[in-house]
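A short reminder: the numbers here are calculations on the coordinates, not readings from a lab. Being a predicted model, the structure only gives us computed values, none of them experimental. Cβ placement follows ideal geometry from the backbone for every residue including glycine, while neighbour counts extend to all protein chains displayed.
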Amino acid sequence: MKQCPKCGIKYENDLERCPQCNCYLMSVYKDRNSYENEKQTKIHDYRILMAMIVLIVIIVAIAMISNQKSQYELDYESMQNKTYNEMSNGEQQVFRDELEWEIENAD
């Protein structure tokens, strides 16, 4: 239950402002336990929200990391249309590795 600090009229919990004077309503507690329960509920909701935000950030970070290509893959793609002499050292190493793999698995 909520009460208007200006008018003193009590309303149900679903209202935020007093219909009479448009003041923000304040919660009215029957006892200390009601206040503590509402406080604990708000703290619990805040913790859940923070955990969800952290989880989303972690998922986004993992997705970004997993979509990045390794330097080996980039070198392989860039060497496709080059002659051996036009390739960088990394690309030449990839070429040699690919060639060795093909020779070993040709059988």
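Here are a few things to note about the model shown:
- Considering only GluC sites (Glu not before Pro) in DSSP loops that have at most 13 other Cβ atoms within 10 Å, the longest stretch of the chain without any of them is 17-107.
- Across the chain, C-alpha contacts under 8 Å between residues 6 or more apart give a mean separation that, scaled by the residue count, equals a relative contact order of 14 percent.
- FRET efficiency, ALA63 to GLN92 (Cβ-Cβ, R0 22 Å, nearest 0.05): 0.10
- Point-to-point label distance, LYS42-TYR84, nm (Cα→Cβ direction, 7 Å offset): 7.4 nm
- Stretchable slack from MET50 to GLN20, in nm (0.36 nm times residue separation minus alpha-carbon distance): 7.1 nm
- For q = 0.15, 0.17, 0.18 Å⁻¹, Debye-computed log10 I/I(0) when each Cα of the chain counts as one equal scatterer: -0.86, -0.91, -0.93
- Highest-fluctuation residue, MET26, MET64, MET50 considered, GNM on the chain with Cα pairs under 10 Å: MET26
- With at most 16 neighbouring Cβ atoms within 10 Å, loop trypsin sites (Lys or Arg not before Pro) (DSSP) excluded, longest segment of the chain: 31-68
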